[in-house]
1. Could you say whether any residue in segment 151-169 is surrounded by 13 or more Cβ atoms within 10 Å (Cβ to Cβ) and at pLDDT 75 or above?
2. Given K15, K55, K5, K25, which one is loosely packed, with under 10 Cβ neighbours inside 10 Å and part of a helix (DSSP H, G or I)?
3. For segment 139-148, indicate whether the set of residues that are open to solvent by 90 Å² or more (accessible area, probe 1.4 Å) and within 30 Å of S199 (Cβ to Cβ) is non-empty.
Amino acid sequence: ELVLKDSLKLLDVLKLSLKDELVLKDSLNELDVLRLSLKEELVLKDSLNELDVLKLSLKEELVLKDSLNELDVLKLSLKEELVLKDSLKELDVLKLSLKDELVLKDSLLVLKDSLNELDVLRLSLKDELLNELDVLKLSLKEELVLKDSLKLLDVLKLSLKEELVLKDSLKELDVLKLSLKDELVLKDSLKLLDVLKLSLKDELVLKDSLK
């Protein structure tokens, strides 16, 4: 009976041991599961960290792309600005050229008016010289008449008739003096004509230069 009791006690102890072993195995299994869970959690955390890094990289890449796009836009803007500046410079040059052209046209108009006035002056001087030449011809004719009268005066000296002829001759002498004065005026006019010829020659040279 005592042996039986001891055996029963041992059996109880053994049951307890088996039960504890099962519990221990379960605990070990749970521990393994827990270890796996912890390892997976760490892997998950690492993956999440990598994902965060990847998100940051993608975000930075998008920011970089936007910056590059903005840089391209800025380059185009700068290029367009340079083109605009060159266009403005060409416009200023064109304005100056047009201004010079207008000044030249005004100068040509003034020169044309001056040439017209010179033509009018030339015609006027020509008419004046012709009139003076006609007067000179008459004076020369009167001078010849006077010479003939003087010859007659030498022939008809002491007679009253000669005296009257002399008086007439003296009157004609006064006329001759006037004629000589006209002759001096004619000489001055001829000098003026020479000056006019030089002016006309200069005018022709100027017209040839303009052509």
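1. If we filter segment 151-169 for residues that are surrounded by 13 or more Cβ atoms within 10 Å (Cβ to Cβ), which is where we start, we get 152-153, 156, 162-163, 165-166, 168-169.
If we keep only those that are at pLDDT 75 or above as well, we get 168.
Yes, segment 151-169 contains a residue that is surrounded by 13 or more Cβ atoms within 10 Å (Cβ to Cβ) and at pLDDT 75 or above.
2. Values: K15 fails: loosely packed, with under 10 Cβ neighbours inside 10 Å; K55 fails: loosely packed, with under 10 Cβ neighbours inside 10 Å; K25 fails: loosely packed, with under 10 Cβ neighbours inside 10 Å.
Result of the check over K15, K55, K5, K25: K5.
3. First, the residues of segment 139-148 that are open to solvent by 90 Å² or more (accessible area, probe 1.4 Å): 141, 144, 147.
Keeping just the survivors that are within 30 Å of S199 (Cβ to Cβ) gives none.
No.
The values are calculated or read from the model by the stated rules, or taken from the named source; none is laboratory data. Worth saying up front: this structure is predicted, and the values here are computed from it rather than measured. Because the Cβ atoms are built from the backbone with ideal geometry, glycine has one as well, and the counts that use them run over all protein chains shown. These accessible areas exclude ligands, DNA and RNA; they are computed on the full protein's heavy atoms, side chains included. Shrake-Rupley method; radii C 1.70, N 1.55, O 1.52, S 1.80 Å.
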